[in-house]
Amino acid sequence: RVSVIHVDDVVDLLMSLATHPKAANEVYCVANPEAPTVGELADRVARACGRPRRAVALAAGAWALARRLTWFPAMQAVAALVGARVYWRFSLLIDNVFWLDTTKLQVIWTEAPIELDAGLADLVATLVNVITRL
């Protein structure tokens with residue numbers, strides 16, 4: 001799963017938390033409670049861009065094998081020497097670490113976040129605008 005949040009929601013959230021008495025001295029995971037899988041997010045990004053998504057099909061058990069290999073101590077030692085950054089990025093995809101539990105946050109922040117598809121459409125429009133100005 002992947003946790004994402006629109007920058008406008010971050011601003012609204014920070015303003016809410018700064019003024020809410022229950023938020024004092026607390027730590028929150030800041031993200032939209034909607035947490036699509038990486039594949040679902042890829043589908044939605046492709047739709048927002050008006051492009052088809054070409055999925056890569058993996059054999060049954062491939063993710064489980066990749067997860068075991070990723071956390072195997074010898075693999076970690078080799079990765080530290082060869083490509084720590086690439087290894088780290090791969091481990092994030094393998095083990096759902098892009099997902100944040102926002103249950104505690106939802107008690108304080110009751111505003112409805114910007115819907116993911118609307119946020120992606122906004123992102124694409126902004127990128128197109130920036131690119132066309134170059």
Compute, for Tyr87, the solvent-accessible surface of its heavy atoms (probe 1.4 Å) with the complete set of protein chains present, and express it in square angstrom to the nearest 10. 50
Using helices alone, I'd like the mean residue ellipticity at 222 nm for the chain: each DSSP H run of four-plus residues gives -39500 (n - 2.57), total over residue count, nearest 500. -18000 deg cm²/dmol
Students often get this wrong: which residues of segment 24-54 have the backbone nitrogen under 19 Å from the point 7 angstrom along Cα-to-C-beta of Asp95? 38
Which of (i) -0.87, -1.34; (ii) -1.07, -1.19; (iii) -0.92, -1.14 is the computed log10 I(q)/I(0) by the Debye sum over Cα atoms at q = 0.17, 0.21 Å⁻¹? It is (ii)
Mind ordering 52-60, 29-37 by average Cβ neighbours within 10 Å, highest first? 29-37, 52-60
Take the chain, connect every pair of alpha-carbon atoms lying under 10 Å apart with a spring to form a Gaussian network, then pick out the residue of Val124, Val78, Val45 with the largest mean-square fluctuation. Val78
When only the heavy atoms of the protein chains count and the probe is 1.4 Å, how do Asp8, Asp117 rank by accessible area, highest first? Asp8, Asp117
Just to be sure I understand the model, the point goes 7 Å from the Cα along the line to the Cβ. What's the resulting Leu134 to Trp88 distance in nm? 2.6
Rounded to the angstrom and largest first, Cα extents along the principal axes for segment 1-63 equal 50, 31, 11
In nm, spacing of pseudo-spin labels at Gln76 and Glu111 (7 Å Cα→C-beta vector): 4.0
Whenever you get a sec, compute what percent of the accessible area on the chain sits on carbon and sulfur atoms (1.4 Å probe). 64
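The values are calculated or read from the model by the stated rules, or taken from the named source; none is laboratory data. All values reported here derive from a predicted model rather than from experimental measurement. When we count neighbours, we look across all protein chains shown, and the Cβ atoms used for this are built from the backbone with ideal geometry, even at glycine. Heavy atoms of the whole protein, side chains included, go into the accessibility calculation; ligands, DNA and RNA do not. Shrake-Rupley method; radii C 1.70, N 1.55, O 1.52, S 1.80 Å.
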